[in-house]
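Chemist: Following this message is one structure expressed as structure tokens.
The values are calculated or read from the model by the stated rules, or taken from the named source; none is laboratory data. Because the structure is predicted, anything quoted here is derived from the model rather than measured. Here the Cβ is made from the backbone with ideal geometry for all residues, glycine too, and neighbour counts use every protein chain on show.
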Amino acid sequence: MPNWVYTKDYYPWCMRTAAAPQGYTGGATAGSEPLYLVPAERYTYWTPSWLQASKTHVSTSPFPSFWFVHCGAHRQRICAWFAGLKPRLRCHVALAHGISELPNEVRAAFDVYKKRKNPRARKADRVKRAAAHEENLDKRNRLRESREHLAKSTR
């Protein structure tokens, strides 16, 4: 799921009410917090070709994603199983037992517990973003100019 889901007002309510649906007797306890499986690398999503302007596949990663896993009565067994995995298998995914254990790099932008970068790193990010923005503007201008030139030459 997208990383920002847990910051929404409805999230705690959903965890309290959806953990044990009415009439379910499978052992899930209402209000039990899910486990969070966080991949080591950020997921990349492929845009369907019918949504793209061009016919080439475009990948995007609009937000960090991780798995929200409700285990109900099996939570402790799953945690023990994960802890017993070989390190070479665990290196691809991290297990967070609660929101407070989520790694900083996958926390949502509006998470009040997300640690900010230091001022020097924030300034370096601003400079990089500004340079990338200028580069995109230059590309757009060159593309517009080439289209105008092509339109003039075909008249």
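Chemist: Tell me, which residue of the range 73-110 that is of a type in the set (D, E, K, R) and surrounded by 10 or more Cβ atoms within 10 Å (Cβ to Cβ) is modelled with the lowest pLDDT?
Modeler: R90
Chemist: Let me ask another. Kindly list the number of the only condition in (1) touching a helix residue (DSSP H, G or I) at 6+ places or on another chain (Cβ under 6 Å); (2) farther than 20 Å from Y11 by Cα that fails for D111.
Modeler: (2)
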